[in-house]
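In what follows, a single structure is set out as structure tokens and then discussed.
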Ligand SMILES: *Cc1c(COP(=O)(O)O)cnc(C)c1O
């Protein structure tokens, strides 16, 4: 996967094959793992070949950037499923609801309230995941693991938000598997079926531990500039 001559479409095929192998190794159906191609920082001309190859599920981390690239790509390619995987500011909720099919980063009560309010106004209801800060890192977004159960209950009972998934980004300097296992445990005890975990460096471990969505950027698109 370090071969510089490979195109993004060839790397996509390699990553998909590796995802399938990891699923089979874990005794899982490869179709149970969705590959979210993380296209952040890449422009529409870099993304189009991957769409032409038939891939439809993408991740972006900034609302503003997605707003520039995706409306036009959606016009050219039907059936796109776009995931927001970066932090969401309250004042960008309306744009996010209009742009994204999945918001993976619900991480605080004020955001949940704003999403609920705007969903009613706009009549749009993207799938919602809660981001859990499994490493309890100061600088990282996400609900602390100890507060996750209560937060999920409040999303449901106070804000009427159906949370269908959990997402995490393990600390860069630690083995990721304990974080994936922790996320899986929180999901299981809350009856949540979707686990968004694993990136270019560790998606195989994540699949081993139950990931239903892996978010892979550089292994497909190459290094970000
Ligand atoms: C950038 C990013 C990814 C993809 O990272 P790679 O290491 O390039 O695969 C996955 N998840 C989130 C939240 C990201 O911001």
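Results, tabulated for the structure shown:
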read-out: Qualifying residue in the stretch 7-21 (condition: out of contact with any helix residue (DSSP H, G or I) (no Cβ under 8 Å at 6 or more places or on another chain) and part of a loop (DSSP other than H, G, I, E, B)); value: no
read-out: Condition check for residue 11: within 20 Å of the chain's Cα centre (by Cα), under 15 Å from residue 222 (Cα atoms) and either modelled with pLDDT of 95 or more or buried (at least 19 other Cβ atoms within 10 Å of the Cβ) (or both); value: yes
read-out: Yes/no for residue 198 being more than 8 Å from the ligand (Cβ to nearest atom), buried (at least 21 other Cβ atoms within 10 Å of the Cβ) and in a loop (DSSP other than H, G, I, E, B); value: yes
read-out: Condition broken by residue 162, with the remaining ones in (1) crowded, with 20+ Cβ neighbours inside 10 Å; (2) more than 15 Å from the ligand (Cβ to nearest atom); (3) without any contact (Cβ under 8 Å) to a residue 40 or more places away in the chain satisfied; value: (1)
read-out: Given (1) assigned to a helix (DSSP H, G or I); (2) touching a residue at least 60 places away in the same chain (Cβ under 8 Å), index of the condition residue 35 fails; value: (1)
read-out: Candidates 192, 207, filtered to the one that is away from the ligand (no atom under 13 Å from the Cβ), farther than 23 Å from residue 42 by Cβ and either touching a residue at least 60 places away in the same chain (Cβ under 8 Å) or within 14 Å of the chain's Cα centre (by Cα) (or both); value: 207
read-out: All positions within the stretch 166-189 that are within 12 Å of the ligand (Cβ to nearest atom) and closer than 26 Å to residue 155 by Cβ; value: 167, 168, 169, 170, 176
read-out: Count - residues of the stretch 157-172 that are part of a loop (DSSP other than H, G, I, E, B) and out of contact with any helix residue (DSSP H, G or I) (no Cβ under 9 Å at 6 or more places or on another chain); value: 1
read-out: Residues (closer than 21 Å to residue 131 by Cβ and in contact with a strand residue (DSSP E or B) (Cβ under 8 Å, 6 or more places away or on another chain)) located in the stretch 71-96; value: 81, 82, 83, 84, 85, 86, 87, 88, 96
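The values are calculated or read from the model by the stated rules, or taken from the named source; none is laboratory data. Given the structure is predicted, the values throughout are model-derived calculations rather than measurements. Reconstructed Cβ throughout: ideal geometry from the backbone, glycine too, with neighbour counts over all protein chains shown.
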